[in-house]
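Reviewing the structure listed below.
The values are calculated or read from the model by the stated rules, or taken from the named source; none is laboratory data. Note that this is a predicted model, so its numbers are computed, not measured. Because the Cβ atoms are built from the backbone with ideal geometry, glycine has one as well, and the counts that use them run over all protein chains shown. Surface accessibility is based on the protein's heavy atoms, side chains included, excluding ligands, DNA and RNA. Shrake-Rupley method; radii C 1.70, N 1.55, O 1.52, S 1.80 Å.
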Amino acid sequence: MALLGKAVRQRQDFLINELMRYGYFKTSNGRQLYELNLSELEAIHIQVKSIFGKQLEKGE
C-alpha cells in the first residue's frame, strides 16, 4: 500500500510541475495546486494542455 501512495504522490508532483511550467498556479476558485487530489490535477492538466495545443494550432 505504501508503494501505491508513493506512486500517487510522484504523479501529483509531476502534474503540479507541468502545470506550473504552463503558468497555471491556482484553480479558478483560488485553491493551490498542492491542495488538489490526483483526479483533479489530471483533469486540469488535460484542460491546460488542450488549450495550449489549440493556441499552437492557431499560431498564437
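Calculate the all-directions average of the projected area of the chain's alpha-carbon convex hull, and give it in nm².
If you wrap the Cα atoms of the chain in a convex hull and average its projections, you get 4.4 nm².
In degrees between 0 and 90, to the nearest 10, how far off the longest principal axis of the chain does helix 2-21 point, with axes built from Cα atoms?
The two axes meet at around 20 degrees.
Taking all protein chains as present, what is the carbon and sulfur share of the accessible area of the chain, in % to the nearest whole number, probe 1.4 Å?
In the chain, the share of accessible area belonging to carbon and sulfur is 57 percent.
Given Cβ point charges of +1 (Lys, Arg) and -1 (Asp, Glu) and nothing else, what value in debye, to the nearest 20, does the dipole of the chain about its Cα centre take?
Details: 9 positive and 7 negative charges, 13 e Å.
Charge dipole of the chain: 60 debye, to the nearest 20.
How about LYS6: which lysines have a C-alpha closer than 27 Å to its C-alpha, ignoring those fewer than 8 places off in the same chain?
LYS26, LYS49
Step through the residues of the range 25-36 one at a time and calculate ³J(HN,Hα) from phi using the Karplus curve (6.51 cos²θ - 1.76 cosθ + 1.60, θ = phi - 60°), rounding each to whole Hz and writing x for Gly and Pro.
So the Karplus estimates, Gly and Pro as x, are 10, 9, 7, 5, 9, x, 6, 6, 4, 5, 7, 8 Hz.
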